[in-house]
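These notes concern the structure reproduced below.
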Amino acid sequence: MEWVLAEALLSQSRDPRALLGALCQGEASAERVETLRFLLQRLEDEEARGSGGAGALPEAAREVAAGYLVPLLRSLRGRPAGGPDPSLQPRHRRRVLRAAGAALRSCVRLAGRPQLAAALAEEALRDLLAGWRAPGAEAAVEVLAAVGPCLRPREDGPLLERVAGTAVALALGGGGDGDEAGPAEDAAALVAGRLLPVLVQCGGAALRAVWGGLAAPGASLGSGRVEEKLLVLSALAEKLLPEPGGDRARGAREAGPDARRCWRFWRTVQAGLGQADALTRKRARYLLQRAVEVSAELGADCTCGPQEGNGPSLFWWSERKKDELLKFWENYILIMETLEGNQIHVIKPVLPKLNNLFEYAVSEENGCWLFHPSWHMCIYKRMFESENKILSKEGVIHFLELYETKILPFSPEFSEFIIGPLMDALSESSLYSRSPGQPIGSCSPLGLKLQKFLVTYISLLPEEIKSSFLLKFIRKMTSRHWCAVPILFLSKALANVPRHKALGIDGLLALRDVIHCTMITHQILLRGAAQCYLLQTAMNLLDVEKVSLSDVSTFLMSLRQEESLGRGTSLWTELCDWLRVNESYFKPSPTCSSIGLHKTSLNAYVKSIVQEYVKSSAWERENCFMPDWFEAKLVSLMVLLAVDVEGMKTQYSGKQRTENVLRIFLDPLLDVLMKFSTNAYMPLLKTDRCLQLLLKLLNTCRLKGSSAQDDEVSTVLQNFFMSTTESISEFILRRLTMNELNSVSDLDRCHLYLMVLTELINLHLKVGWKRGNPIWRVISLLKNASIQHLQEMDSGQEPTVGSQIQRVVSMAALAMVCEAIDQKPELQLDSLHAGPLESFLSSLQLNQTLQKPHAEEQSSYAHPLECSSVLEESSSSQGWGKIVAQYIHDQWVCLSFLLKKYHTLIPTTGSEILEPFLPAVQMPIRTLQSALEALTVLSSDQVLPVFHCLKVLVPKLLTSSESLCIESFDMAWKIISSLSNTQLIFWANLKAFVQFVFDNKVLTIAAKIKGQAYFKIKEIMYKIIEMSAIKTGVFNTLISYCCQSWIVSASNVSQGSLSSAKNYSELILEACIFGTVFRRDQSTKREDHYVRICAVKFLCLLDGSNMSHKLFIEDLAIKLLDKDELVSKSKKRYYVNSLQHRVKNRVWQTLLVLFPRLDQNFLNGIIDRIFQAGFTNNQASIKYFIEWIIILILHKFPQFLPKFWDCFSYGEENLKTSICTFLAVLSHLDIITQNIPEKKLILKQALIVVLQWCFNHNFSVRLYALVALKKLWTVCKVLSVEEFDALTPVIESSLHQVESMHGAGNAKKNWQRIQEHFFFATFHPLKDYCLETIFYILPRLSGLIEDEWITIDKFTRFTDVPLAAGFQWYLSQTQLSKLKPGDWSQQDIGTNLVEADNQAEWTDVQKKIIPWNSRVSDLDLELLFQDRAARLGKSISRLIVVASLIDKPTNLGGLCRTCEVFGASVLVVGSLQCISDKQFQHLSVSAEQWLPLVEVKPPQLIDYLQQKKTEGYTIIGVEQTAKSLDLTQYCFPEKSLLLLGNEREGIPANLIQQLDVCVEIPQQGIIRSLNVHVSGALLIWEYTRQQLLSHGDTKP
């Protein structure tokens, strides 16, 4: 077309100057410039042939170049892309640039002046260097690409080098920073695609400059640089790799570059193979494949020097080993290409080739690497970083299994890969999930493989490498925010590494950083387990000669005692043994060296740190800050470790020896404590540190476990400190009562003193309280002094800091006394008559705030310089507010004690007592109002004592002041809701809240008056249940407290004891059906069983003969049936283990528990509802429970048998999905009639019913009927009933026929399976009636998910609700518990996934669209469709399309339409419900009405495919595998079955094995897969086309 246009122009005028001049006038549109290019190229051709004008043409070309094209290109360089000119929008602008550049090249050639090309190149290069990030750079690139070929290699060599260098820099710098990166990236792509290929064609200097820029040392390989570098390398591959050819080509190659010999080239390729961008990976694979092809064609040896060290080359070639090399690289590239599919079932068959790569890569002769191991790491890195998490996990597992079958030589790259990409991949928590079928509590398979791999790998490392590798490994665990699960398994793997002296002080610090930084936010249990493993790691891998005991003790302080390193645990014992073995090898500690000790013994070290700790420096005298607790924790930990280590050294450890060792360590401390009361000038910090150490010693020495009472260390330690009680208590009394605490910082000391006093009280209570001991006197004096201080300070004087602080101290001391008396009745100082303490507390002005002292006055008390900043900060509004809140909190602690002691004096009416002697107790309304005010003032962590007061007040005032009580409910619930994420204080507050809102008295009164409080309590109840869905344990607190309070009330009160519980039966109902959340956005692995266990054990305690219990049980049973019906109506279609399934399952489990307590009168009212539940389409487990409860009812109350027989006379439409349920009940007729003397009539009725169903057209129904018939006939033969002789021939022949079925078909297998099914073969409805069968055995055997199995030991461990000593029905008495889930699945799987109103239950795997009423057989159904198609003139093929794995209705609708158009015989889908979907109908356009649709669910596909194989069908999979056949080369058999994969996962691995052949569609693009509907349509058309050709039909 272009040639014709140029000829037409030249035919009009032979004057080129006139033609060119005409085209150069007017607007520079894309069409005009392109026409100019056509003409110039035509003129250039004529000039080359010698037919052009001799002089006019060069001059005209120069004029066009200088007068038109160069100005045009300059204007384009200055104009931004997307300018206002519509003709120069980006797309048109690019056309103009390309055409102008090509025209300029022709002009330069026609002009015959090389200087013109050089001048244009110089100008364009300057523009490029000046603004290469600007959009105008594109025009400069076009000019250079146009004139580059016209430059002279020798004369313009320097210019070519500069242009080449600039081009490479621009191409590699396209991914720069900043907002201008977009235009720069476009320019870089243009340079790589347009300019560089032109420059390398020039050869010589330009080619060397380009290669020099690409292979420059020090070039970084960041992700952006790799992409740009590979873009350039792939564009220039043919010039950078040698060309195979003759001698002349070989000579040319010697001067040119050979990228194969450059290690930087291969590092770039390797980096590209692991990039996230698919196009970059494809370029890297292309370069690798091209290099291998070139090497094979050249046939010459080639070696790329290693980057460092003496390892194998990154790439090498040897003609002698050509076959092995080709095999290695072909497999390598195949694996990399297969990984692009991201589908695990496609990749798994290729993974064995990865094992082969390792076999090729390691020399059999010397065990060294032949191929650089970094190539293998590229494959694993690609798998680790795949967006398909299943593929990532498979890659990690494959890597961890490497050393199970082979031993690989050491390589630094291998270690770096483990520290880098492997650990990055291991940070994904989902990798550690359990395998399907693996029991709860078992270790993660990947965790075990990681452990085995790390142990093996470290054992194979060279000794000089182990230390550095382990240190890097541990430091990697601190380099990012790891989740709890990966850290746990990494720590466990480290802990199992065999003992080796690998870590020094750096390793110990790294382990400490893991605990401090990485795990600080982790869940407590996981964090504690990881700490244990890290301590074991330290003990196994630490070189004790490189660390001191001081270093070890500092590390031990990073472990939390309450989470991991508790005294008495096995880990503590292991640590003590480790210290005992190594104590003489530790490096000397700085502490020991400073005091002249050069021994490294543990005893010497501990003695020195105690002495150093107790000793105080002179400068500390003026310091008013409380010392940090860290040193006290460290010293106490090491003292107790040393004592226990010393105990290990002696075979017979005695109390005397323990006492001697402890005295050696603690003598300095005890000496100081004994001087507390006599030395008034003892430094303040010294006393603080000693008291801190005392507390920490007492807390740390407490053993965990049953041996705590026999602990000699604890006993000796307590005796030591009890001997100092008088001195310490006198000191504390003086400090608390003599106005010595007068600054804000002293409040921390007050807290310390009160904690010590509480510990001393507890110590004396353990050995027996004696009225004469010193603590008694101190408490009494402290109480009186505190009351006196508080009374004196109410005189109205101007407050000072000292007086206000003393007021806070006195109130805190009173609160401690009250708490001690409340918890220890032995401390009752006064009789029940109100004493000074009670009178003072009762008259206390509640919620009284402390007036903030003036700032001027504060400074007078801030005498130590160090205290001034604390005073200023703590006396600010926020700091003083905390002090006031603590003061109010302590008030309510005291009031709580008072209300509990005198709760009997609280009036229940609203009338006020005129002269109360205890106002706070006898004026409860005012106290309740103050409590509500306190809830608004106090912070959430200080409201606990207010809740305790409300527990006493609300039951007394609910009747008279209901609105006030409701207000307290609301305010308290708001506080609880706000605390849901605060673990430390949430549970104590929740427990207190539940105790006052759900107090049995409150519930009883609220239910009695049925006011607003009653509905508010129920509202809060449901809110707590809702909260429990996201926070485990909340519902446990509520149900446990309510059940315990109802049990107590039921045991202490007579007949009406459970009447209040009946009003709250919804609580028990919700508890009975409570369980794991199933929603995908909330699904968590949590232990929710204890809510149900509590409710079930409570129900087991109820007595059916007690009227209140009976009414409660009956009300709950009705609510359970209502819940079942509600769930059934809410969603007719529900899946196995769905939320609906679980709820219904729990409902029927509870009804079974209640059954023994239900009498005949009540059952008479609900029996129809139970039978009706049998007619519902249910999952297998629910069917068994319904059948079981019907059997139990009929056994206990045979009067209901007539109603049972009526169930068989319902219309067939109602029975089609439920008759098997009633036939299953009938199979246990021997149990039902166990207590009936006359069985003949019942057996006769049963035989008549069963025989009718033995001849049903449905095979499944026939099976159930035959099982029932066989069992019934066994009973008849035992009874020898003569009246049944007439039926004997019919029954015997029927049973003989089914027993003697020939062949190995499904019918015979199903008959054998159903007879072996546990419900018919082993299950005994009476002997198996126990909690174990209901909650564990039957759910397990019926296919329920493991979350629903409640083992019997959980019932026995839950002791909050104890069962009676004579409770027997825990365990099953039959062999049922030993069975495993059977394979009879006809009634267990699949039949309940469809709506009962629309679908029928069929025997085989196919379900066809036809109403039951039409009674059309399977064969007639196929003829029906074929007949309809034949009448329409439609041809039916033998192709079956199976789409059961496809999820989306749009894809199914499109396939349905395609299958109908091309005449497929059947379309198989996973559920026929899809045809009612609007999206399906929109795409199918009524095709489902003309195409046979068959339902085969995914679990049934294997059987279906095997059945079709027996019918002569070839099973064809549409999948990309290593052995797939090209669609264009495959010949379809006439009887073909086409299996299509899932949209995301393709065809599962278990179905791949069923395929006869895999066919894949050839592809030319980058994207690896087609839409499943499109893929199916292509194969359906190819099948149709081949069949048309084979039958000679030319019609499409």
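The values are calculated or read from the model by the stated rules, or taken from the named source; none is laboratory data. Everything quoted here is computed from the prediction, not taken from an experiment. For neighbour counting, all protein chains shown are included, and Cβ atoms are generated from backbone atoms with ideal geometry for every residue, glycine included. Keep in mind that these areas ignore ligands, DNA and RNA; they rest on the heavy atoms of the full protein, side chains included. Shrake-Rupley method; radii C 1.70, N 1.55, O 1.52, S 1.80 Å.
Taken over segment 54-76, the criterion of being out of contact with any Leu (no Cβ under 9 Å at 6 or more places or on another chain) and at pLDDT below 75 is satisfied by Ala54, Gly55, Ala56, Arg74.
Taking the stated definitions as given, is Glu138 open to solvent by 10 Å² or more (accessible area, probe 1.4 Å), outside any loop (DSSP other than H, G, I, E, B), under 27 Å from Gly212 (Cα atoms) and modelled with pLDDT under 75? So Glu138 fits the description; yes. Here is the figure for segment 665-688: residues that are surrounded by 15 or more Cβ atoms within 10 Å (Cβ to Cβ) and either without any contact (Cβ under 8 Å) to a residue 12 or more places away in the chain or not in a loop (DSSP other than H, G, I, E, B) (or both) total 15.
Only one entry in Leu666, Leu703, Leu662, Leu685 is at pLDDT below 90 and farther than 23 Å from Leu565 by Cα, namely Leu685. For segment 1009-1024, filtering for residues that are at pLDDT below 90 and in a helix (DSSP H, G or I) leaves 1. Report, by residue number, each residue of segment 1258-1287 that is open to solvent by 20 Å² or more (accessible area, probe 1.4 Å) and outside any helix (DSSP H, G or I). Selection gives Ser1280 alone. Taking segment 725-818 as the region of interest, the helices (runs of 4 or more DSSP H) fully inside it that hold 3 or more residues being farther than 23 Å from Met674 by Cβ are 746-767, 774-792.
Pairing residues of segment 27-46 that are touching a residue at least 60 places away in the same chain (Cβ under 8 Å) and open to solvent by less than 20 Å² (accessible area, probe 1.4 Å) with residues that are among the charged types (D, E, K, R) and assigned to a helix (DSSP H, G or I), at Cβ distances under 7 Å and at least 6 apart in sequence or on separate chains, gives Ala30/Arg95. For segment 1481-1530, a residue qualifies if it is out of contact with any Ser or Thr (no Cβ under 9 Å at 6 or more places or on another chain), within 30 Å of Met336 (Cα to Cα) and hydrophobic (A, V, I, L, M, F, W, C), and the qualifying residues are Leu1525, Leu1527. Here Ile379 fulfils each of the conditions (1) modelled with pLDDT of 90 or more; (2) farther than 18 Å from Thr1521 by Cα; (3) in contact with a helix residue (DSSP H, G or I) (Cβ under 8 Å, 6 or more places away or on another chain) apart from (2). The residue that is least open to solvent (accessible area, probe 1.4 Å), among those in segment 799-838 that are of a type in the set (Ser, Thr, Tyr) and modelled with pLDDT of 75 or more, is Ser810. None of Glu404, Glu387 is over 21 Å from Pro352 (Cβ atoms) and either surrounded by 15 or more Cβ atoms within 10 Å (Cβ to Cβ) or among the acidic types (Asp, Glu) (or both) except Glu387. For segment 1305-1362, the tally of residues that are crowded, with 21+ Cβ neighbours inside 10 Å, of a type in the set (Ser, Thr, Tyr) and either at pLDDT below 85 or over 29 Å from the mean Cα position of the chain (by Cα) (or both) stands at 1. Filtering segment 982-999 to residues that are outside any helix (DSSP H, G or I) and at pLDDT 90 or above leaves Phe998, Asp999. The residues on offer are Gln1554, Gln1529, and the sole one that is farther than 29 Å from Val1136 by Cβ and among the polar types (S, T, N, Q) is Gln1529.
Restricting Val581, Val643 to residues that are farther than 29 Å from Asp688 by Cα, at pLDDT 85 or above and assigned to a helix (DSSP H, G or I) narrows the list to Val581. The residues of segment 302-321 that are modelled with pLDDT of 80 or more, more than 22 Å from Glu238 (Cβ to Cβ), of a type outside the set (S, T, N, Q) and out of contact with any Cys (no Cβ under 8 Å at 6 or more places or on another chain), listed by number, are Glu319, Arg320, Lys321. Can you spot a residue in segment 1367-1382 that is over 30 Å from Gln1473 (Cα atoms), open to solvent by 40 Å² or more (accessible area, probe 1.4 Å) and modelled with pLDDT of 85 or more? No, segment 1367-1382 contains no residue that is over 30 Å from Gln1473 (Cα atoms), open to solvent by 40 Å² or more (accessible area, probe 1.4 Å) and modelled with pLDDT of 85 or more.
Could you please let me know if Ser570 is buried (at least 19 other Cβ atoms within 10 Å of the Cβ) and more than 12 Å from Ala642 (Cα to Cα)? When the stated conditions are applied, Ser570 does not pass them. Of the residues screened, Val1002 is not one that is hydrophobic (A, V, I, L, M, F, W, C), open to solvent by 10 Å² or more (accessible area, probe 1.4 Å) and either closer than 20 Å to Tyr902 by Cβ or outside any helix (DSSP H, G or I) (or both). Whenever a residue of segment 1124-1147 is under 19 Å from Glu1187 (Cβ atoms) and in contact (Cβ under 8 Å) with a residue 24 or more places away in the chain, its partners that are part of a helix (DSSP H, G or I) and among the basic types (Lys, Arg), lying with C-beta atoms within less than 6 angstrom and at least six residues away or across chains, give the pairs Asp1124/Lys1144; Val1147/Lys1123.
For (1) closer than 28 Å to Asp1347 by Cα; (2) not in a helix (DSSP H, G or I); (3) not polar (S, T, N, Q), each residue gets a yes or a no:
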| residue | (1), (2), (3) |
| --- | --- |
| His1109 | no, no, yes |
| Leu1116 | yes, no, yes |
| Leu1120 | yes, no, yes |
| Lys1129 | yes, no, yes |
| Gln1140 | yes, no, no |
| Asn1145 | yes, no, no |
| Thr1150 | yes, no, no |
| Pro1156 | yes, no, yes |
| Phe1171 | no, no, yes |
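Looking across Leu190, Leu207, one residue alone is at pLDDT 65 or above, under 50 Å from the mean Cα position of the chain (by Cα) and either of a type in the set (S, T, N, Q) or over 16 Å from Ala271 (Cβ atoms) (or both). It is Leu190.
Each residue in segment 510-546 was checked for being open to solvent by 70 Å² or more (accessible area, probe 1.4 Å) and either touching a Phe, Trp or Tyr at 6+ places or on another chain (Cβ under 8 Å) or in a helix (DSSP H, G or I) (or both), and 6 pass. Any residue at all in segment 280-302 that is part of a loop (DSSP other than H, G, I, E, B) and within 30 Å of Gly193 (Cβ to Cβ)? No, segment 280-302 contains no residue that is part of a loop (DSSP other than H, G, I, E, B) and within 30 Å of Gly193 (Cβ to Cβ). For segment 462-480, the count of residues that are hydroxyl-bearing (Ser, Thr, Tyr) and loosely packed, with under 15 Cβ neighbours inside 10 Å is at least one.
Looking at segment 425-457 only, could you name the residues that are among the charged types (D, E, K, R) and over 16 Å from Lys393 (Cβ atoms)?
Passing the criteria: only Lys452.
With the structure loaded, tell me whether Asp1477 is out of contact with any strand residue (DSSP E or B) (no Cβ under 9 Å at 6 or more places or on another chain) and closer than 28 Å to Val346 by Cα or whether it fails that test. In short, no.
Any chance segment 572-586 includes a residue that's in contact with a helix residue (DSSP H, G or I) (Cβ under 9 Å, 6 or more places away or on another chain), in contact (Cβ under 8 Å) with a residue 60 or more places away in the chain and acidic (Asp, Glu)? Checked against the condition, which is being in contact with a helix residue (DSSP H, G or I) (Cβ under 9 Å, 6 or more places away or on another chain), in contact (Cβ under 8 Å) with a residue 60 or more places away in the chain and acidic (Asp, Glu), segment 572-586 yields at least one hit.
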